[in-house]
Amino acid sequence: MDIKDIPAGESWGCRFKTTTFLNDDGLPVDAINLALGQTHPGKPGLYEGIGVIQVRDIEQQRVQLQDVESLKQFTVPFSDCWDIDTIEWTDDK
């Protein structure tokens, strides 16, 4: 399945890769309230995850998704997404 062919109104997800700041375990990390000159707590690196597609921009060929592990949002090019498939939502309690 190609991202461009995803029907509107359906839940889809994919594997993706992006360059971001990572902690020592290889998970994305945010720098909150850094003062000028303060060191960022992470190191730049390549992160691969599985994300729920939230927004597609067909014109710019980018997708905004939410990583299922870190719950962080990333915007990545279509070319950095693969294994695109439907999402089955479950109510686990």
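At-a-glance table
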item: Residue in region 1-19 that is least open to solvent (accessible area, probe 1.4 Å), counting only those that are more than 17 Å from P77 (Cβ to Cβ) and without any contact (Cβ under 8 Å) to a residue 60 or more places away in the chain; result: P7
item: Subset of region 33-54 that is among the β-branched types (V, I, T) and not in a loop (DSSP other than H, G, I, E, B) - its residue that is surrounded by the fewest Cβ atoms within 10 Å (Cβ to Cβ); result: I50
item: Selection status of Q60, modelled with pLDDT of 95 or more and surrounded by fewer than 15 Cβ atoms within 10 Å (Cβ to Cβ); result: yes
item: Test: E69 is open to solvent by 80 Å² or more (accessible area, probe 1.4 Å), farther than 13 Å from G13 by Cβ, out of contact with any Leu (no Cβ under 6 Å at 6 or more places or on another chain) and among the acidic types (D, E); result: no
item: Some residue of region 76-83 being open to solvent by 90 Å² or more (accessible area, probe 1.4 Å), in contact with a Ser or Thr (Cβ under 9 Å, 6 or more places away or on another chain) and of a type outside the set (S, T, Y); result: no
item: Members of region 62-87 found to be in contact (Cβ under 8 Å) with a residue 40 or more places away in the chain and part of a loop (DSSP other than H, G, I, E, B), listed by number; result: V68, E69, S70, K72, I87
item: Search result, residues across region 21-32 that are in contact (Cβ under 8 Å) with a residue 40 or more places away in the chain, assigned to a strand (DSSP E or B) and over 13 Å from the mean Cα position of the chain (by Cα); result: none
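The values are calculated or read from the model by the stated rules, or taken from the named source; none is laboratory data. Nothing here was measured: the structure is a model prediction, and the numbers come from that model. Note: ideal-geometry Cβ built from the backbone for every residue, glycine included; neighbour counts use all protein chains shown. Heads up: the accessible areas ignore ligands, DNA and RNA and are worked out on the full protein's heavy atoms, side chains in. Shrake-Rupley method; radii C 1.70, N 1.55, O 1.52, S 1.80 Å.
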